[in-house]
């Protein structure tokens, strides 16, 4: 039983099972679409969780990276007839480079500066996507060609359900491995006390930059997949509120918990679909939920529930 | 010259608004090291409440303004009391990220409340003293701009007096320098925190009222204003009062000049491009001191 509560074996198995069995209860295309969005949001959050939960830095601009990935795929395939996978790779490389250039000087600093820098970067990206109408289609967005694998056109919600589910599973596996590697241990030391980490010889800036770049590349990949899955993309994907959504998913699910990021993404992707029934009261309710969860479960849902469960199983609560 | 003056006038006006919002950020940051992402929503409440009190309540402008500032201040106090304090006051305190999410949640909540009660439309306040522009060297200055600049100057003077001359102002200043030491000499730091939210909400509300006749007001104008105010606060050096004012005015001027001479399409990006450049070359802001961290 203990073993099943362990992150690596039990968790991955459970996630794979959920992804495999979910289609049994998904009644129609609409729900498949929500599931795809959940998986892609979760992909962003697994990366962002490395940054927030392990490197202790906050990014308020990850939607910018997500949208850049999406638009790299959209523009290169639609306007320049690139192969979809090549466009995706170029998007990831470009976003990684951009993240590196921005992070290197700023991550030397502490506190709110990365928040400000990423916020600024995200807003600039959103404005550029809105204004460069000949290239991006402006606020109306643009249609995206189907992703092609040889002669096979990857279309339809079921296909994309399996693609996004599969990519998410791989991403979670990668993230868990990273956390248990030397990099992960260095990051945990850094989060505990940056000065202490530095004195034992950890190049804290280097690790923070590395994680920032990784999380940006995850977001870019998710954006590319999103563009091809939905066959459409608009600049709202780069908006400040979208960045906030990502951060909120991570924090709500539980910082420093990879599965927490997935759970948070699932809840905050599905919740607005339910809250649309409240019509005008949607935002009000969403804001209230955020505040209440942060006050009563500051560690996030998954770590809090995990502790309770461990307690029930008979282990010592952490 | 006339053209330049025209841009400078509009830049100064907008800059004064940014400065008021940035001062609000600085006040709360100093009292608690919290970045209050609901700061922009105070601006919304100020403008929208005045409109509601005048059209719905039938109050004259002169009464509606102080009432709206009071309402905004009360919202600020409630935010601290019911959302921030329960998180901070818990044993072990709360992480920076937690507090950021709480204030973001509050901003979404406030926007939701304003949208439900007052609708999604643009609203307009009448200018305080007519709309006939004043001609200065060929440039046209709106009388409302004079109100914005004049009131901002008054507010800055009042704050200077408050922090320099009054007992409670000095207590707030002491808390910002060293919270624990302030507690030890008998300062009620919880009251200081509460007051900082009330005061910074009042500043934001005032900014919203002053700018409503020029830029109109709507339930979601606070998002951009809040973010630019945050940029102004960082530009001047987070936590520095004079820095917030200089940062606000500088951003306003840069934005207006860039919109006038370069491209109005990228007007909203100017503030954020500047802030990225500043973070690269002078990370502690224009007036912020070099900070070292206690281990």
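Remind me, relative contact order of the range B:23-163 in percent, using alpha carbon pairs under 8 angstrom and six or more residues apart?
Relative contact order here is 23 percent.
Calculate for the protein assembly as shown the 222 nm mean residue ellipticity that helices alone would give, adding -39,500 (n - 2.57) per DSSP H run of length 4 or more and normalising by residue count, nearest 500 deg cm²/dmol.
One gets -24000 deg cm²/dmol as the mean residue ellipticity at 222 nm.
Averaged across B:78-84, how many Cβ atoms of other chains sit within 10 Å of each residue's Cβ atom?
Counting Cβ atoms of other protein chains within 10 Å of each residue's Cβ and averaging gives 2.
How big is the shadow of the Cα convex hull of the range B:112-175, averaged over all directions, in nm²?
Dividing the Cα hull surface by four gives the mean projection, 8.3 nm².
Using only the alpha-carbon atoms, how far is helix B:167-177 inclined from the longest principal axis of chain B? Give it as 0 to 90 degrees, nearest 10.
Between helix and principal axis, roughly 70 degrees.
Determine the shielding of peptide A:195-202 by partner chains: average, over its residues, the number of Cβ atoms on other chains within 10 angstrom of each Cβ.
For this peptide, the per-residue mean of nearby foreign Cβ atoms is 1.
Report, to the nearest 10°, how far helix B:2-32 tilts away from the longest principal axis of the Cα atoms in chain B, using its own Cα long axis and a range of 0 to 90°.
Relative to chain B, helix B:2-32 is tipped by roughly 20 degrees.
Efficiency by 1/(1 + (r/R0)^6): what FRET value for residue B:266 and residue B:122, r their Cβ-Cβ distance, R0 = 22 Å, to the nearest 0.05?
So the FRET efficiency works out to roughly 0.40.
How many angstrom separate the Cα center of the range B:233-259 from the Cα center of the range A:112-182?
So the two Cα centres are separated by 34 Å.
Could you tell me the largest-minus-smallest coordinate of the C-alpha atoms of the range B:10-221 on each of the three principal axes, in descending order and whole angstroms?
57, 40, 28
To test your reading of the geometry: what angle, between 0 and 90 degrees and rounded to tens, separates the Cα axis of helix B:39-55 from the longest principal axis of chain B?
Tilt of helix B:39-55: around 50 degrees.
Kindly state, as a whole number, the per residue volume in cubic angstrom of the convex hull around the alpha carbon atoms of the range B:130-277.
Measuring per residue, one finds 142 Å³ for the Cα hull of the range B:130-277.
Based only on other Cβ atoms within 10 Å, what is the fewest-to-most ordering of A:308, B:179?
A:308, B:179
Between the alpha-carbon centers of the range B:64-106 and the range A:208-286, tell me the distance in whole angstrom.
25
Would you give the gap between the C-alpha center of the range B:27-54 and the C-alpha center of the range A:52-87, rounded to a whole Å?
Cα centroid of the range B:27-54 versus Cα centroid of the range A:52-87: 34 Å apart.
Compute the orientation-averaged projected area for the protein assembly as shown from the convex hull of its Cα atoms and round it to one decimal in nm².
Average of the hull's projected areas for the protein assembly as shown equals 29.7 nm².
Just to be sure I follow: if Rg is taken over the C-alpha atoms of the range A:138-210 and Rh is the Kirkwood radius over the same atoms, what is Rg/Rh?
Rounded to two decimals, Rg over Rh is 1.26.
Below 8 Å between Cα atoms, with a sequence gap of 6+, how large is the relative contact order for chain A in percent?
31
Could you work out the mean count of beta carbons from other protein chains within 10 Å of each residue's beta carbon in A:292-299?
That average works out to 6.
Report the FRET efficiency, 1/(1 + (r/R0)^6), for residue A:297 and residue B:137, where r is their Cβ-Cβ distance and R0 is 60 Å, rounded to 0.05.
Efficiency at R0 = 60 Å is approximately 0.50.
Could you quote the convex hull projected area for the range A:1-123, Cα atoms only and averaged over all directions, in nm²?
Value for the range A:1-123: 10.8 nm².
Can you tell me the FRET efficiency between residue A:232 and residue B:184 if r is taken as the Cβ-Cβ distance and R0 is 60 Å, rounded to the nearest 0.05?
Approximately 0.50, to the nearest 0.05.
Plugging the Kirkwood radius over Cα pairs into Stokes-Einstein for the range A:229-318, at a temperature of 25 °C and a viscosity of 0.890 mPa s, what D comes out in µm²/s?
Using the Kirkwood radius from Cα pairs, D works out to 169 µm²/s.
Peptides B:6-17, A:33-44, B:266-277, A:273-284: what's the order by average Cβ count within 10 Å, highest mean first?
Averaged packing, sorted descending, gives the order A:33-44, B:6-17, B:266-277, A:273-284.
Rule-based calculations on the coordinates, nothing more; no lab input. Values in this document were obtained by computation on a predicted structure and should not be read as measured data. Methodologically, a virtual Cβ is constructed for each residue, glycine included, from the backbone with ideal geometry; neighbour enumeration extends over all protein chains shown.
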